[in-house]
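Inspection log for the structure reproduced underneath, given as structure tokens.
The values are calculated or read from the model by the stated rules, or taken from the named source; none is laboratory data. Remember, it's a predicted structure, so these values are computed and weren't measured experimentally. Positions of Cβ are generated from backbone atoms using ideal geometry, with glycine treated the same way; all protein chains shown enter the neighbour counts.
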């Protein structure tokens, strides 16, 4: 699976990840809303190290493409089916790395972008295997609208991030609120897994996550990057 996005230094970047590594519970205010989200292993406890989970590459869609709420969910007859938006800062790995130091992390980042970590909450609550399926349904990873190089992003740990649903702000935060910063996170992940060029890391979401419905338009905006816009459609 690949996505082609404009690059801040000119031209286009083809993003073809071998994996997408996501951080859970990386904003304190999101941790505090654990009771409303009600998924397994989501508590109000502040993690001692980054909480990692995978998203499969079939989730990827670009700006303007549709997020599809799968008809599979209807077959379960959940009392209150819920699929949420999650506005996040994403980063693209530049080259193959393993066991890098935090102080070297930015040398191995191609750039930063917006990401919507769409999440099916009922599957997250009920699947014995954890979050894998609820995070990895087709189209559950909008990315874009462009990739901004590290030396052009400004202070990546002080960027405003928000999500709008049908024009109304529903999430608002700043990357300074991350529990684990970008450099620390890349180093930690590279100690666990070899990262390849094009791999995507998504860095957690601020509070305000909430449900998506057929016909909704969801926007993720991050300072110095732009606005990622996708419409939602029931399959």
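Just a few scattered comments:
- Taken together, the residues in segment 92-125 that are assigned to a loop (DSSP other than H, G, I, E, B) and within 16 Å of the chain's Cα centre (by Cα) amount to 2.
- Checked against (1) in a helix (DSSP H, G or I); (2) in contact (Cβ under 8 Å) with a residue 24 or more places away in the chain, residue 170 passes all but condition (1).
- Every test in (1) in contact (Cβ under 8 Å) with a residue 12 or more places away in the chain; (2) out of contact with any helix residue (DSSP H, G or I) (no Cβ under 6 Å at 6 or more places or on another chain); (3) surrounded by fewer than 23 Cβ atoms within 10 Å (Cβ to Cβ); (4) more than 19 Å from residue 61 (Cβ to Cβ) is passed by residue 145 save one, and that test is (4).
- Any chance residue 229 is part of a loop (DSSP other than H, G, I, E, B), under 16 Å from residue 86 (Cβ atoms) and touching a residue at least 40 places away in the same chain (Cβ under 8 Å): no
- In this entry, residue 179 passes the filter for residues that are at pLDDT below 95 and under 18 Å from the mean Cα position of the chain (by Cα).
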